[in-house]
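The values are calculated or read from the model by the stated rules, or taken from the named source; none is laboratory data. Just so it is clear, the model here is predicted, and its values are computed rather than measured. Here the Cβ positions follow ideal geometry from the backbone for every residue, glycine too, while neighbour counts run over all protein chains shown.
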Amino acid sequence: MMYETLLVEQQDCALLVQLNRPQARNAMSLAMVNELNHVFDRATNDPSIRALVLRGVDGHFCSGGDIKDMAGARAQAQAQTQAAQHGSDTEDAFYTLNRAFGRMITRADNVPCVLITVLEGAVLGGGFGLACVSDVAIAAHSAQFGLPETGLGVVPAQIAPFVVTRVGLTQARRLALLGERFDGEEAVRLGIAHYLCDSKQAIDDTLENVLTKVRRAAPHANRVTKQLLHQVGSMEMDSLLDGAAREFATAVKSDEGAEGTLAFVEKRLPNWAQ
Amino acid sequence: MMYETLLVEQQDCALLVQLNRPQARNAMSLAMVNELNHVFDRATNDPSIRALVLRGVDGHFCSGGDIKDMAGARAQAQAQTQAAQHGSDTEDAFYTLNRAFGRMITRADNVPCVLITVLEGAVLGGGFGLACVSDVAIAAHSAQFGLPETGLGVVPAQIAPFVVTRVGLTQARRLALLGERFDGEEAVRLGIAHYLCDSKQAIDDTLENVLTKVRRAAPHANRVTKQLLHQVGSMEMDSLLDGAAREFATAVKSDEGAEGTLAFVEKRLPNWAQ
Amino acid sequence: MMYETLLVEQQDCALLVQLNRPQARNAMSLAMVNELNHVFDRATNDPSIRALVLRGVDGHFCSGGDIKDMAGARAQAQAQTQAAQHGSDTEDAFYTLNRAFGRMITRADNVPCVLITVLEGAVLGGGFGLACVSDVAIAAHSAQFGLPETGLGVVPAQIAPFVVTRVGLTQARRLALLGERFDGEEAVRLGIAHYLCDSKQAIDDTLENVLTKVRRAAPHANRVTKQLLHQVGSMEMDSLLDGAAREFATAVKSDEGAEGTLAFVEKRLPNWAQ
């Protein structure tokens, strides 16, 4: 598969994915949304991919939705309005466009491997939303986070709910209703990002350090664990723990479980960590 | 409408509401609960009100429930007990009083404009509960927060649940079960308040800064956004995002959406921000 | 009752419980799980117990599940596999063992008195899980927290869900998927623990300070409050507040409520605090 809006490269157990529309500070076009979905499919179906690193080229993560797609939707919506006057009925073009973003973010949230975001420069709108579903977020001190939507007369519809899930209602209501802009340090303080870096070198070192930890975790056990974490809050706790204990029993009797125990006894790294 | 326990003044797009019972450190009487409900109605029905600022006169936010109302309820409860011995059945006076507080806090939580609290001096009991539902909370360093109820043999019944929603179970259980007292700095650290101020001047500057940001946000888009934020957790995420995308489509095609886009292209402030 | 794996001592209104398997850094054996359940029963049924302090002997809180029990379960599972080949059907031994841990943690979460943990040395696996359900957690700076499970090829099945409840999904996904190790300072920063201590003396002082606050809280009111806090999120908010107002009315009319009000008026400590 050739990507038009992404640079994709597999490095050992990690898939490095770079948003690649530098002319638009990596604004998210519909083409990019589709290609990201393709990447998430690939990561879901290939158990050898244990981490997916999302980053932007040229010093920006992602500046939000692409205005050309918005213009396209506007033209389409006008055509729809005219068609509707002649009795034809189609789904609203703005609804379709907006919902496509949210579906992609939901998929990112549920990709079974460890999702790592590297947050530099613009982390706005949809870019902010994507950051909010990563398992590990590495932020440059100078990154600029924000929800500019209400300042433009629109609603951060597919983003604000992920901000609430990320940092709770208390901070999300302030960030969204004031259209706050803030840097990487504040993002770490709020719990949006996990690691704060002051230089490109610090980012690279932190990323390498995180990938080393991912390599130490048993691949299948980590996928099961991620799924389990996502169940909290949407399932009754006792049933959740029942299912989890069954997953534990399966894991401990699997090849991974046997190798992990043996490696521990033999004081060596397990085979998946080598 | 003349208020007995409040000072109310509209300043541009903000309604400034001051709790005004200085003789009781702005303790919340039933009359005040009713007048606050009236204010929330007004803010709900008047779209020109884009922010509601809640503050206390004389250096205190609110010292909790008024003891005179408690004494009144006690007398009423005794009368009820005697009446019940004669077969008459009425709703418990303490239940009614307590529940009225909680209903008012729920209304404050759902007021559609941006709710800003200025937290100085005593922020106790019901005052603490009210702080916990504000979109933006500005705290004086010297403010005193706390849940004194269990020290008095009673239960922070209409407050503790809002503290859990505000800062999570982990901190709420400590604060409530130990009856902790703490200042503005700790309130910001715990995420109860957003901004920490060391002087009256700093409070005024912060408030002005917050109101400037509110003015930049499109009035209707902000109301829709606040409603959306409140849905997270009580609705299934995919349905929530479906509805949100519909709100997005409506907003983008509205006058606000058109003006926001045009202002952006013309590099000027939108008309609602002028 | 004689305990084999615990040291248990009642001191005034507090039950001091020390995990006592120093040879295994207080690893949690099934025997310990059963004895802890017994202790939780005792605290539930005896209203004179207002706090339960959980601590480990010899400078460690708890290093996780005991490997001997795992070996026992492995032997039992192999026997089960053979029995199943002959048509016999029993519950999986690993499931049973794992679930027993989770049930104990759930009981700890719901013990009606104030649960205080003192977190020193190893706070790993099940020990970490137990820390996550305490009302008040006091951490030594030098304590070592972590979820080592996926590094061993297994799943933190009965622990990770309690970590999500404790600090939210955002931090829990990083901690669990990277198998992070961190100290007491980070534990306080993340909100896993509440107080940070640099010495044994500081721990003892903090614990005494916390117990003094527990003594100030009315025993029954505190139990009702704890139950109320646990309902948030699993019950619709309005019904929860209705029930809470009824508990308020009951409390205010009880002996505790009368004594609390009288003590307040007479400017003296209530009888439960003496």
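Condition check ((1) in the same structural domain as B:L130 (by TED's automatic domain parsing); (2) more than 29 Å from C:Q227 (Cα to Cα); (3) touching a Leu at 6+ places or on another chain (Cβ under 6 Å)) across all residues:
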residue: B:A176; (1), (2), (3): yes, no, yes
residue: B:A187; (1), (2), (3): yes, no, no
residue: B:D205; (1), (2), (3): yes, yes, no
residue: B:T225; (1), (2), (3): no, yes, no
residue: B:V232; (1), (2), (3): no, no, no
residue: B:M237; (1), (2), (3): no, no, no
Self-check item: Lone unmet requirement of (1) in a helix (DSSP H, G or I); (2) surrounded by fewer than 24 Cβ atoms within 10 Å (Cβ to Cβ) for C:N98
Solution: (2)
Self-check item: Matching residues in the stretch A:205-229 - criterion: being within 16 Å of A:A43 (Cα to Cα), touching a helix residue (DSSP H, G or I) at 6+ places or on another chain (Cβ under 7 Å) and among the polar types (S, T, N, Q)
Solution: A:N222
Self-check item: Residue list for the stretch B:80-123, filter: within 26 Å of B:N20 (Cβ to Cβ) and among the hydroxyl-bearing types (S, T, Y)
Solution: B:T96, B:T106, B:T117
Quiz item: From the residues in the stretch A:190-210 that are outside any loop (DSSP other than H, G, I, E, B) and at the interface with chain C (Cβ under 10 Å from one of its Cβ atoms), which one is surrounded by the fewest Cβ atoms within 10 Å (Cβ to Cβ)?
Solution: A:N209
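Suppose we filter B:R107, B:R99, B:R74, B:R55 for residues that are in the same structural domain as B:V164 (by TED's automatic domain parsing), free of Cβ contacts under 8 Å to residues at least 40 places away in the same chain and not acidic (D, E); which single one remains?
On inspection, the qualifying residue turns out to be B:R74.
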Quiz item: Take the residues of the stretch B:103-151 that are away from chain C (no Cβ under 13 Å) and β-branched (V, I, T): which is farthest from C:E256 (Cα to Cα)?
Solution: B:V114
Self-check item: Failed condition for C:G125, given (1) at pLDDT 95 or above; (2) farther than 18 Å from C:L52 by Cα
Solution: (1)
Quiz item: Within the stretch C:216-226, which residues are basic (K, R) and within 7 Å of chain B (Cβ to nearest Cβ)?
Solution: C:R216, C:K226
Quiz item: Can you find a residue in the stretch A:132-151 that is closer than 23 Å to B:D242 by Cβ, touching a residue at least 24 places away in the same chain (Cβ under 8 Å) and part of a helix (DSSP H, G or I)?
Solution: yes
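For (1) more than 17 Å from B:D255 (Cα to Cα); (2) among the β-branched types (V, I, T), each residue gets a yes or a no:
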{"position": "A:D69", "(1), (2)": "yes, no"}
{"position": "A:A77", "(1), (2)": "no, no"}
{"position": "A:Q82", "(1), (2)": "yes, no"}
{"position": "A:A93", "(1), (2)": "yes, no"}
{"position": "A:G102", "(1), (2)": "yes, no"}
{"position": "A:T106", "(1), (2)": "yes, yes"}
Quiz item: How many residues are closer than 19 Å to B:A157 by Cα and either part of a loop (DSSP other than H, G, I, E, B) or among the hydrophobic types (A, V, I, L, M, F, W, C) (or both) when one looks only at the stretch B:63-95?
Solution: 12
Practice problem: Of the conditions (1) free of Cβ contacts under 8 Å to residues at least 40 places away in the same chain; (2) crowded, with 17+ Cβ neighbours inside 10 Å; (3) more than 7 Å from chain A (Cβ to nearest Cβ); (4) under 27 Å from the mean Cα position of the chain (by Cα), B:K213 clears all except one; give me its number. | Solution: (3)
Practice problem: Output the qualifying pairs, or none if there are none: Cβ atoms under 9 angstrom, residues six or more apart or on different chains, first residue in the stretch B:220-238 and over 27 Å from B:D255 (Cα atoms) and free of Cβ contacts under 8 Å to residues at least 60 places away in the same chain, second residue small (G, A, S) and buried (at least 18 other Cβ atoms within 10 Å of the Cβ). | Solution: B:V232/A:A160; B:V232/A:A172; B:D238/A:G102
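Please indicate, with yes or no, whether at least one residue in the stretch B:42-50 is more than 16 Å from the chain's Cα centre (by Cα), assigned to a strand (DSSP E or B) and assigned by TED's automatic domain parsing to the domain that holds B:T96.
no
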Self-check item: Number of the exception - C:V39 against (1) crowded, with 21+ Cβ neighbours inside 10 Å; (2) touching a helix residue (DSSP H, G or I) at 6+ places or on another chain (Cβ under 9 Å)
Solution: (2)
Quiz prompt | Only one of B:L15, B:L6 that is surrounded by 15 or more Cβ atoms within 10 Å (Cβ to Cβ), over 19 Å from B:I203 (Cα atoms) and touching a helix residue (DSSP H, G or I) at 6+ places or on another chain (Cβ under 9 Å) | solution = B:L6
Practice problem: For A:V57, indicate whether it is surrounded by 21 or more Cβ atoms within 10 Å (Cβ to Cβ) and within 27 Å of A:A193 (Cβ to Cβ). | Solution: no
Quiz item: For the stretch B:26-55, how many residues are over 23 Å from B:A217 (Cα atoms) and of a type in the set (V, I, T)?
Solution: 1
Self-check item: Qualifying position, being without any contact (Cβ under 8 Å) to a residue 60 or more places away in the chain and closer than 30 Å to A:A176 by Cα, among A:D205, A:D198, A:D242, A:D255
Solution: A:D198
Quiz item: Only one of (1) more than 20 Å from B:L175 (Cβ to Cβ); (2) part of a helix (DSSP H, G or I); (3) within 11 Å of chain A (Cβ to nearest Cβ); (4) free of Cβ contacts under 8 Å to residues at least 24 places away in the same chain fails for C:V154. Which number is that?
Solution: (2)
Quiz item: Which members of the stretch B:227-240 meet the condition of being out of contact with any Pro (no Cβ under 9 Å at 6 or more places or on another chain) and within 9 Å of chain A (Cβ to nearest Cβ)?
Solution: B:H230, B:G233, B:E236, B:D238
Quiz item: Counting only residues that are touching a residue at least 12 places away in the same chain (Cβ under 8 Å) and under 19 Å from the mean Cα position of the chain (by Cα), which one in the stretch C:162-175 is farthest from C:Y95 (Cα to Cα)?
Solution: C:V167
Exercise. Could you pull out the residue among B:G260, B:G243 that is more than 7 Å from chain A (Cβ to nearest Cβ) and under 27 Å from A:V167 (Cβ atoms)?
Key: B:G243
Self-check item: Matching residues in the stretch C:168-189 - criterion: being more than 7 Å from every other protein chain (Cβ to nearest Cβ), surrounded by fewer than 22 Cβ atoms within 10 Å (Cβ to Cβ), of a type in the set (A, V, I, L, M, F, W, C) and part of a helix (DSSP H, G or I)
Solution: C:V188
